[in-house]
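Every read-out reported here was derived from the displayed coordinates using simple, explicitly stated rules and does not represent laboratory data. Every value quoted in this text rests on a predicted model; they were computed, and no experiment measured them. When we count neighbours, we look across all protein chains shown, and the Cβ atoms used for this are built from the backbone with ideal geometry, even at glycine.
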Amino acid sequence: MTSPAEQLLPGTQRALLHRIATAQAEGRSPSMAAAVQRQGQVVWHGSRTCVDGHAPDADTQYRIGSLTKTFTAVLVLRLRDEGLLDLADPLEKHLPGTGVGDVSLHQLLGHSAGLGAEAPAPWWERTPGSLRPGLADVLGEREQSTMHPPGRRHHYSNPGYTLLGALIEAVRGASWAEVLRNEILEPLGMHRTSPQAQAPHAGGWAVHPWADVMLPEPAEDLGLMAPAGQLWSTTADLLRFAAFLAEGDDRVLAAASVAEMKEPATPPETGDWDGYYGLGLQVVRRKGRTLIGHTGSLPGFLAALWFSAEDDVAAVAFANVTSGVPVGEVAAELVDIVAEAEPRIPEPWRPLPEVDRELLALTGPWYWGARPNVLRLTPDRGLELQPLNGRGRGARFTARPDGTWTGLDGYYAGETLRVVRNDDGSVDHLDLGSFVFTREPYDPAAAVPGGVDEGGWRGLGS
């Protein structure tokens, strides 16, 4: 019997094709290519083109623009995990002489360093990188390059990622492109992703806003700006990258560090509570699902990659046109189509392979004062504490070697949960960041701070 990951229903496939066909026609793009992956397997590829007989396939390169930033961020996190730097380090510690070295690496990764969005004129995306031979040519004068106080707000910065690329080269002693190839592309089998176009590849075009005529766009080598937007890739390769972003890969970056990339780097902008930027990753919330990935554009090209962890579905969309096609929305809708037409089938429930009776004895109701909570044992041998009514403070916890537990999320993220025992080994209470949880509401037998009134619970007339 064919597993759900191996094929899509004909109606789903038609809906996917209809979506990109509509986008190509209404957006007037010379071509579009898109693909969908479910449960780690490519389940659909589609394309549309204005040239009969030359439809792009999964091996056709398009330029992916700022999707390149996610690759650069992964390389920086690798350096951190190897102990070669800390994200709190000022740039000056590893790359002196930039004039903006007081900003931190974390701020550069999350676009909160306060740097300008673009390099000084001429327009860097349509001119050779040789016009900007040094970092000073990318940053310009300090007054021009700094827009906001560091760490205060998100302000997208292409020069910021140029600095990160230079940092990688300084620490590794090799070019950004070489480090990228050796540390990400080769381990993940992304052999059709490259800084320069490799045939077969699409050509970039601009389409006249008021007439159905086209103009070729230049495909410049961006030089020092390459870490911000240089790469060319294919739908097949980017779906491999999506699988990596979903779960991590110890050959490239551990799952915990990939998860760190998905956390908010700065608070969302006012009124923008449905999305944020992490460390080289965009995260958006739409239609009840969280999408993780990045969009990209350069003259002649638009690209988007989104992954939904809840649905285990990823989608990539490309167009070879400067504007007109909302590829970010198209890729998101491809995820929606598959997730809604063919919802993810959950794994069968299975009992734990063995019983930890000490942990099992901790499960069940616990009371913070008079508020009931439930402690559950999770399949990964962690603990989860949640209010009984589902509202309020809760968290998952992971075990420490010393017998305590560390909060993983929510209000108690990073806080310590301790099991406090009596002299005979029985459990007196749980201590969570100084909060006492007891087996009965204000249990008189437990060490409740402030004590418990000897009269106990009473009615109105007592």
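A few remarks follow.
- Relative to the longest principal axis of the Cα atoms of the chain, helix 235-247 runs at roughly 20 degrees.
- Restricting the chymotrypsin sites (Phe, Trp or Tyr not before Pro) of the range 125-234 to loop positions (DSSP other than H, G, I, E, B) with no more than 12 neighbouring Cβ atoms within 10 Å leaves W210.
- Antiparallel bridge percentage (DSSP; both residues within the chain; nearest 5): 95 percent
- With the biggest extent put first, the Cα atoms of the chain measure 87, 60, 44 Å across the principal axes.
- Signed unit charges on C-beta, dipole axis of the chain, positive-most listed residue G300, N182, T162: G300
- The alpha carbons of the range 358-438 give a radius of gyration and a Dmax of 11.7, 35 Å, in that order.
- At most 11 other Cβ within 10 Å, DSSP loop - chymotrypsin sites (Phe, Trp or Tyr not before Pro), the range 332-373: W349
- Across the range 106-155, the convex hull enclosing all Cα atoms gives 78 Å³ per residue.
- Relative contact order %, the range 4-341, counting alpha carbon pairs below 8 Å whose residues are six or more apart: 26 percent
- Highest average packing first - 242-250, 439-447, 33-41, Cβ atoms within 10 Å: 33-41, 242-250, 439-447
- Total charge dipole magnitude, the range 4-341, about the Cα centre, Cβ charges on Lys, Arg, Asp, Glu only, Debye to nearest 20: 300 debye
- Placed amide H near E415: partners under 5 Å, 5+ positions off or other chain: G407
- This ranking places S130, S29, S104 by how few other beta-carbon atoms lie within 10 Å of each, fewest first, which gives S130, S104, S29.
- For the chain, calculated [θ]222 nm from helices alone, where every DSSP H run of n ≥ 4 adds -39500 (n - 2.57): -7000 deg cm²/dmol
- Loop GluC sites (Glu not before Pro), the range 260-351 (other Cβ atoms within 10 Å of the site Cβ: 14 or fewer; DSSP): E269, E310
- Residue-wise HN-Hα couplings along the range 294-300, as the Karplus relation 6.51 cos²θ - 1.76 cosθ + 1.60 with θ = phi - 60° gives them from phi, are 6, 10, x, 7, 9, x, x Hz; Gly and Pro carry x.
- The Cα center of the range 378-455 and the Cα center of the range 308-338 differ in position by 43 Å.
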